[in-house]
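The values are calculated or read from the model by the stated rules, or taken from the named source; none is laboratory data. Fair warning: this is a prediction, and the values are worked out from it, not measured in the lab. Reconstructed Cβ throughout: ideal geometry from the backbone, glycine too, with neighbour counts over all protein chains shown. Remember, those area values only see protein heavy atoms, side chains included, never the ligands or the DNA or RNA. Shrake-Rupley method; radii C 1.70, N 1.55, O 1.52, S 1.80 Å.
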Amino acid sequence: STLVSVAVLVEAILSTCELENGNLVESVGDTESTNEEVENLFNLRIDAIDRAAEIMSSFISQKSKKTSSKKSKKKLKQVDGNSQDESKESKKTTEKAKKGEEVEAYTTVKSSDINSATLVRNKKLVEEAVHDLSPSMNKEFLTRSLRRFGTNAAKKGEVDEIFDGEESTDAGTRLYGCVPFRRFLLAKSILLTSGSSLIVTPGIQFCSLDEPELDEKLVSFRLATCFSMGPLLLSEFCAYCYQLDKTSAAPNHTLSSDPSLAQLSLRAFSFCVRGMNFHAPNHPMSRAKRVGALISMSMRTASTVVPASKDGWSFYLGMKNDAVKAKGIDIPNDALELKKSLLPFMSTFKSPAPEDDKAPNRLCLFSELLLNAMYGEALECIQLISAAASAFSEPNMREQLSCAILRAWEKGKGSHVGVLGLDFTDVGSDEVCPLSAVIDVAFQMNHQLEGETHVPLLGSLKNGRMGRSAMGLPLTMIENWPDKHQERLERELKKSGGFSITGVVQQLVLALYARLGGGEHFSDEIESTLTTKEVKLACVKSVIDLTDDTAKERAALGSAISSSIEAGLDNADFVALKMIPHMKASSLDLAQRFVSSILFTVSKVISTSAPFAENVDSNATFSSSLLKSTKRLYSVLVRLILSYMSNPESLASKETKLFLDYITSTFMPKISALLLALSKQTTTKDGKFIAESKIESHGKIAALLVFEKEKLDNALLKVGARLKSAGLE
């Protein structure tokens, strides 16, 4: 605890060091003296943390067996039968003296005998404790340190690259080349820009920058901090990307390892973008304008600091707003500027054909990171896009980005070049791309299944896309998807009379079906009428297969699909249970049609997932989840059907008719086949038996599902009798 206190105190003193606002590493006089102070304080912090971790690691627990045979027993004459204390003490002694009881004790070992893995783990714990106890570092110190000792440094002294442990006569040069110091600056930048650590303010002991309602001065401080640090952090990221050992693509790096320097830099920049998107009602600039200005300025700064990236950034900076306009919707210029600034990170359009046929295709930054197996940086890039997209007030702008995320694996024919021009493709990687984490972000940007649900509009909102936009819901445009998909999407839209909307969730489910195929126990009589080329997606094709290497990703994707289904059922359940029973006839019809549309979308996702559910995981978890959702769907449907007792004529609405027809012709046969397949699945693919408790759980779910189906049949009979009595057969 003393050493942790020392480290916290050192950080507080370090934050008060006054660095001149310059970007020279080597200096003389007072500046060099300040550099030495910074170096000495940082070394003291490192020593305190190392020593604390060493002390923690020197204690090893040992379990010894304790028996009662050697313990002396009290003589009978010494026992007081009237004493309650004696009986309690005797009871405690009996409990402790059980034969073979293990008693945990601690012993110390020499420093040379400490396990290295334990030492590393304890060092992380001490670092986290220091970060939790320390307030945020001074913004000026971090900004000037990044300029003086980071990539922005104009003079690098005796070193051309970052080193770790080499000696130099100049303190500034040593700090420039010190990897732990670079990592320290990035970690503190993340804590400051994210609002995770407290700041000290006059008159208030501590204050968080992440509170929903901040003082106007603190809001201005947070915006100024993000705007000043953002360009420096993006430059750091670009510089680290050209050094393989500073990225997640390094041969000795895995996704479970500590974040690479490039990954930390982009994470810190993402928090700057999120901070610029902070609610500031009195600020003269809109959210979209603030975020767009930060990203554009950061790209220009990176072009200057890292000349190798200038060509890539300049290509996108030179575009006009017309290239990002959305069809059929008027979008403010601030939003168009923001969308244009996001094109280098996630392109939502096909780059124009170059004048030279031999010119390479342009890849956005996310696609480039995937191509070079820099998966850690790719995940941070997705979070950056999500943070920036939340500044859009127009939901269709976010929806376009969600479609682009699923298409980011498409590279086109011929050669290609990315924004940074990286080429680490020769470096082999055994890591599997974390597609599930990317898909989660895409689902959220599409409002889960809400973006794929038809909404009955009032007379004043007959323009579908504008009407949904006014309600905060996007509408997937067919043009957003691959050319081979568009004919199928147009055919489905025409067949449903405009009520069938296919978005990212259904597109992913169809692509998984094409990739994984039907399960071994699923009925062969139920076949898909779609061809593989009409539904395949490059992201699924390049990442997912039936081998054990992608088993974890398949299970995670199944969990993401299940979450989307449950989110849709939550909405339907709320309307059917809390709203419909209390509505009058004038608004009841709209609510009933809305619930029918939600359940129609949910049923399509479940029925499409049913055939390949067995191939998602080895213990039938996804299949069981689909059946649970089906049971819940039937429960909501029972309430919906019974609500038609007061207005049976509304059963003839297009939404309800389309849904009930789909349930009868497609959904129920597939659920029956899934039930049968689940009953046959008693072993995993490697021959191991599924646990009996798991099989018993599957049986309970199936029984409850059948019970809800019987309740649905009874509800339909009751409403049918009501229709007959009203003469509406």
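Filtered by the rule that a residue be surrounded by fewer than 22 Cβ atoms within 10 Å (Cβ to Cβ) and of a type in the set (Gly, Ala, Ser), the range 570-596 gives 585, 586, 587, 591.
Tell me yes or no: at least one residue of the range 312-322 is part of a loop (DSSP other than H, G, I, E, B) and under 27 Å from residue 469 (Cα atoms). Yes, there is a match, as at least one residue in the range 312-322 is part of a loop (DSSP other than H, G, I, E, B) and under 27 Å from residue 469 (Cα atoms).
Identify, please: which residue in the range 655-684 is basic (Lys, Arg) and at pLDDT 85 or above and is, among those, most open to solvent (accessible area, probe 1.4 Å)? Here the answer is 657. The residue that is modelled with the lowest pLDDT, among those in the range 1-26 that are of a type outside the set (A, V, I, L, M) and open to solvent by less than 30 Å² (accessible area, probe 1.4 Å), is 22. Against the list (1) part of a loop (DSSP other than H, G, I, E, B); (2) in contact with a Phe, Trp or Tyr (Cβ under 7 Å, 6 or more places away or on another chain); (3) over 22 Å from residue 677 (Cα atoms), the condition residue 501 fails is (2).
Which residue is most open to solvent (accessible area, probe 1.4 Å), if the candidates are limited to the range 254-269 and must be in a loop (DSSP other than H, G, I, E, B) and within 17 Å of residue 180 (Cα to Cα)? The residue in question is 258. For the range 356-363, the count of residues that are modelled with pLDDT under 85 and either under 30 Å from residue 475 (Cβ atoms) or part of a helix (DSSP H, G or I) (or both) is at least one.
In the range 594-645, the residue that is nearest to residue 708 (Cα to Cα) out of those that are outside any helix (DSSP H, G or I) and of a type in the set (S, T, N, Q) is 619. For the range 612-630, a tally of residues being farther than 11 Å from residue 558 by Cβ and at pLDDT 90 or above returns 4. May I ask you to list the residues in the range 541-560 that are under 22 Å from residue 411 (Cα atoms) and of a type outside the set (S, T, N, Q)? If the condition is that a residue be under 22 Å from residue 411 (Cα atoms) and of a type outside the set (S, T, N, Q), then 541, 543, 544, 545 are the ones that fit.
Take residue 505 and tell me if it is open to solvent by less than 30 Å² (accessible area, probe 1.4 Å), modelled with pLDDT of 75 or more and more than 16 Å from residue 532 (Cα to Cα). In short, yes. Could you tell me whether the range 448-455 includes any residue that is in contact with a Phe, Trp or Tyr (Cβ under 6 Å, 6 or more places away or on another chain) and open to solvent by 10 Å² or more (accessible area, probe 1.4 Å)? Scanning the range 448-455 turns up at least one residue that is in contact with a Phe, Trp or Tyr (Cβ under 6 Å, 6 or more places away or on another chain) and open to solvent by 10 Å² or more (accessible area, probe 1.4 Å). When the range 311-340 is filtered for residues that are at pLDDT below 85 and of a type in the set (S, T, N, Q), only 321 remains.
Checking residue 308 against (1) open to solvent by less than 30 Å² (accessible area, probe 1.4 Å); (2) more than 26 Å from the chain's Cα centre (by Cα), which test does it fail? Every condition holds for residue 308 apart from (1).
Screening residue 439 on (1) over 17 Å from residue 561 (Cβ atoms); (2) buried (at least 22 other Cβ atoms within 10 Å of the Cβ); (3) modelled with pLDDT of 85 or more shows it passes everything except condition (1). The residue of the range 230-253 that is most open to solvent (accessible area, probe 1.4 Å), among those that are over 20 Å from residue 296 (Cα atoms) and of a type in the set (D, E, K, R), is 245.
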